[in-house]
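Student: The structure is given below, and queries will be raised subsequently.
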Amino acid sequence: MTDNKIISSISIKELQEKYPFIINYFSDNKLDIEGFEDETFKEYLDHFSEEDIEEWAIDTEKLMEGLLEYIEQMIEFLGIKEEKAVESLTILAGKDKSGCKERFEEITVNKGDIISIVGPTGSGKSRLLADIEWAAQNDTPTGRTILINDEIPDKKWRFSSNNKLVAQLSQNMNFVMDLTVSEFLELHAKSRMVENEDEVIKNIIEAANNLAGEKFNLDTPITSLSGGQSRALMIADTAILSSSPIVLIDEIENAGIDRKKALNLLVSSDKIVLMATHDPILALMADRRIVIKNGGIDKVIETNMEEKKILLELEEMDKTIQGMRNSLRNGEELNINIF
Amino acid sequence: MNIATFSGPPSSGKTSVILKTIEALKQRGISVGVVKFDCLYTDDDILYEKAGVPVRKGLSGSLCPDHFFVSNIEEVVQWGKKLNLDFLITESAGLCNRCSPYIQDIKSICVIDNLSGINTPKKIGPMLKSADIVVITKGDIVSQAEREVFSSRVNSVNPKAVTIHINGLTGQGAYELSTLVYDENEEIDTVKGKKLKFPMPSALCSYCLGETRIGEDYQMGNVRKMKLGDEDDR
């Protein structure tokens with residue numbers, strides 16, 4: 001269909017039938033099309049008087065261009081589901097802050113892998129995350145190159161606002177909207193245009209309650225969830241509803257959430273998980289860890305057998321502490337025999 | 001010289017984003033100067049000075065900040081030329097959500113933050129809708145879901161813009177912005193004769209001229225009344 005036709009010879013009603021999503025464009029741009037359904041978009045815009053246009057800062061040119069762009073993007077966005085998914089992420093070596101070549105050739109992370117990132121503050125973790133987010137092509141200060149599925153990635157990962165490569169979960173994240181859990185998830189599902197909204201929402205709640213120590217329901221306002229519940233909901237929502245194939249975690253606090261289950265949930269939702277952490281349990285849960293020094297990747301260490309054994313011990317200790325936490329919550333007295 | 005106009009609601013992170021972007025530009029040997037426009041007060045010039053960035057500030061005082069901007073922009077450009085800058089950045093606060101100091105063919109960047117609420121993209125006029133690049137900040141403190149909803153709202157009011165997420169504290173994303181705002185092949189010597197992307201809000205009534213008394217007797221010029229639904233009772 002030619003661009004001009006969409007704007008000037010198809011009625012708004014027909015457009016809506018063909019592209020149901022344009023209702024969002026109309027509502028977000030405060031365009032009340034009621035009563036104009038049988039007219040074209042151009043005719044609709046022409047009905048605004050000179051005064052309306054000045055009064056409400058309406059830019060008719062921009063609205064026409066915008067509608068075409070929006071339809072194009074949405075078609076592409078909705079089409080992504082059938083496109084090839086992100087199977088792997090590859091980092092090709094660049095330079096550290098002193099200009100020396102990083103001490104590895106390439107790292108490939110596959111769907112379902114967990115990689116931890118360790119290194120002192122200021123060592124260049126943010127830069128590594130930014131390189132991945134921007135799908136660097138030897139055009140950032142580190143000179144790294146990022147490949148997706150062994151190929152140079154599509155530009156859309158950089159510029160489109162609906163297709164970001166990376167979702168982030170960080171320690172100081174909060175919910176800021178004044179909504180209940182169900183309203184919140186509905187809003188997110190709508191923005192992602194999922195078809196089976198109710199089912200998806202149910203799955204997220206189930207998954208979140210499975211992670212959190214204390215259960216919550218659909219009518220709870222998101223701002224009154226406890227720290228653990230919030231984290232559980234954020235992780236479940238990111239795993240199930242986020243469009244981004246790569247999840248970047250900046251520490252997960254220990255309190256009120258089962259971290260092993262959380263990582264498993266992300267991994268089983270086909271995400272690639274990168275996790276900046278100094279918590280030994282999390283770091284050792286990863287298959288490999290990247291050590292960052294002086295702005296560059298210094299080493300890639302495979303978690304060895306001994307470390308896996310240590311992890312088991314640590315998990316036992318963690319279980320003991322979690323158990324005590326629950327006992328305290330239930331008003332019980334602690335008992336030395338627990339050790 | 002390159003020119004870019006940064007604009008955005010107060011406290012959205014404009015200055016942090018610009019400072020981090022300048023850091024990245026400086027590393028490539030590009031000299032940058034900033035002119036900060038504000039209404040009554042700003043001490044952002046001190047932040048720029050500390051970073052070694054040539055800076056001037058303009059306070060609009062009793063005038064509409066955008067009208068003040070457009071009346072001064074050519075002189076500002078000449079200031080940048082005199083300093084031999086490679087890149088001149090103007091920064092102005094969008095104080096009434098209707099503002100838009102953008103000029104045709106000059107890169108325009110709107111900075112807006114995740115904390116401002118998901119209906120904010122709807123509330124902001126040409127400042128957001130006619131920007132070439134939309135920078136979204138404070139993504140590190142809201143949930144992934146809110147971030148996604150927010151950027152999809154931005155996208156539906158300005159589908160043509162490039163949207164980019166920047167963390168003003170760590171600078172994550174600022175290097176990337178620096179590659180989008182500066183083009184070494186571009187050369188602008190003057191903005192004389194150029195046009196604003198969108199007309200600025202206008203008013204010319206007795207209150208513009210200093211009237212303080214309230215009541216219909218004192219209202220002259222461009223005055224309009226709200227519809228409160230009781231017009232028939234009169």
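Student: Going by how many other Cβ atoms sit within 10 Å of their own, how do A:281, A:205, B:166 line up, fewest first?
Tutor: A:281, A:205, B:166
Student: Exactly which GluC sites (Glu not before Pro) in segment A:101-134 are in a DSSP loop and have at most 15 other Cβ atoms within 10 Å?
Tutor: Passing both the DSSP loop test and the Cβ count: A:105.
Student: What is the spin-label model distance, in nm, from residue B:23 to residue A:97 if the labels are put 7 Å beyond Cα along the C-beta direction?
Tutor: For residue B:23 paired with residue A:97, the spin-label model returns 1.1 nm.
Student: For segment A:18-43 and segment A:291-326, what is the separation of their Cα centres, given in Å?
Tutor: 54 Å
Student: While we're looking at this one, here's another question. Most mobile of A:99, A:296, A:124 per a Gaussian network model of chain A (Cα springs, under 10 Å)?
Tutor: Comparing A:99, A:296, A:124 in a Gaussian network model of chain A, the most mobile one is A:99.
Student: Here's a follow-up. Could you tell me the ratio Rg/Rh of segment B:2-181? Both radii from Cα atoms, Rh via Kirkwood.
Tutor: 0.94
Student: Helix check for chain B. Which DSSP H runs span at least 15 Å along their own axis by Cα, with a mean Kyte-Doolittle hydropathy no less than -0.5?
Tutor: B:14-27
Student: Roughly how many nanometres apart are two label points built 7 Å out from the Cα toward the Cβ at residue A:214 and residue A:197?
Tutor: Spacing of the two 7 Å Cα→Cβ label points: 3.0 nm.
Student: Which of the GluC sites (Glu not before Pro) across segment A:1-95 are loop residues per DSSP, with 12 or fewer other Cβ within 10 Å?
Tutor: Here the GluC sites (Glu not before Pro) that fit, given the DSSP loop and packing criteria, are A:34, A:83.
Student: By the gyration tensor of its Cα atoms, with a ≥ b ≥ c the square roots of the eigenvalues, what is the shape of the protein assembly as shown: rounded for a/c under 1.5, prolate for a/b over b/c, or oblate?
Tutor: Cα axes put the protein assembly as shown in the prolate bin.
Student: Separate question: Select from segment A:38-81 those chymotrypsin sites (Phe, Trp or Tyr not before Pro) which occupy a DSSP coil region and have at most 13 other Cβ atoms within 10 Å, ordered by residue number.
Tutor: A:56
Student: Hey, another quick one. Longest span of chain A, sites excluded, free of trypsin sites (Lys or Arg not before Pro) in DSSP loop with at most 11 other C-beta atoms within 10 Å?
Tutor: It works out to A:156-339.
Student: Right, another one. Take the Cα of residue A:23, step 7 Å along the line toward its Cβ, and report every residue of segment A:167-210 whose backbone nitrogen sits under 16 Å from that point.
Tutor: Once the point is set 7 Å along Cα→Cβ of residue A:23, A:186-198 turn out to lie under 16 Å by backbone N, inside segment A:167-210.
Student: Taking the Cα centre of segment A:3-82 as origin and charging only Cβ (+1 Lys, Arg; -1 Asp, Glu), how large is the dipole, in debye to the nearest 20?
Tutor: 480 debye
Student: Would you mind working out the magnitude of the charge dipole of the protein assembly as shown relative to its Cα centre, with +1 at each Lys and Arg C-beta and -1 at each Asp and Glu C-beta, to the nearest 20 Debye?
Tutor: Taking the Cα centre of the protein assembly as shown as origin, the dipole is about 1900 debye.
Student: Among the DSSP beta bridges whose two residues both lie in the protein assembly as shown, what percent are antiparallel, rounded to the nearest 5?
Tutor: Expressed as a percentage, antiparallel bridges in the protein assembly as shown total about 30.
Student: Now, a different point. First check a/c for chain A, with a ≥ b ≥ c the square roots of the eigenvalues of its C-alpha gyration tensor; if it is under 1.5, answer rounded, and if not, answer prolate when a/b is larger than b/c or oblate otherwise.
Tutor: It is oblate, given that a/c is not under 1.5 and a/b is not larger than b/c.
Student: Looking at this model, which pairs from A:164/A:319; A:125/B:14; A:261/A:293; B:20/B:194; A:190/A:215; A:62/A:190 are more than 27 angstrom apart at the alpha-carbon?
Tutor: Cα-Cα > 27 Å for A:164/A:319; A:261/A:293; B:20/B:194; rest within.
Student: Can you give the FRET efficiency to the nearest 0.05 for residue B:11 and residue A:37, using r as the Cβ-Cβ distance and R₀ = 35 Å?
Tutor: After rounding, the FRET efficiency stands at 0.25.
Student: Calculate the spin-label point distance for residue B:59 paired with residue A:65, positioning each point 7 Å from the Cα along the beta-carbon direction, and give it in nanometres.
Tutor: So the two model labels end up 3.7 nm from each other.
Student: Label point 7 Å out from residue A:172 along Cα-to-Cβ: which residues of segment B:1-24 have amide N under 19 Å?
Tutor: So the set is B:11-21.
Read the figures in this text as sums done on the coordinates, not as results from a lab. All values reported here derive from a predicted model rather than from experimental measurement. Here the Cβ is made from the backbone with ideal geometry for all residues, glycine too, and neighbour counts use every protein chain on show.
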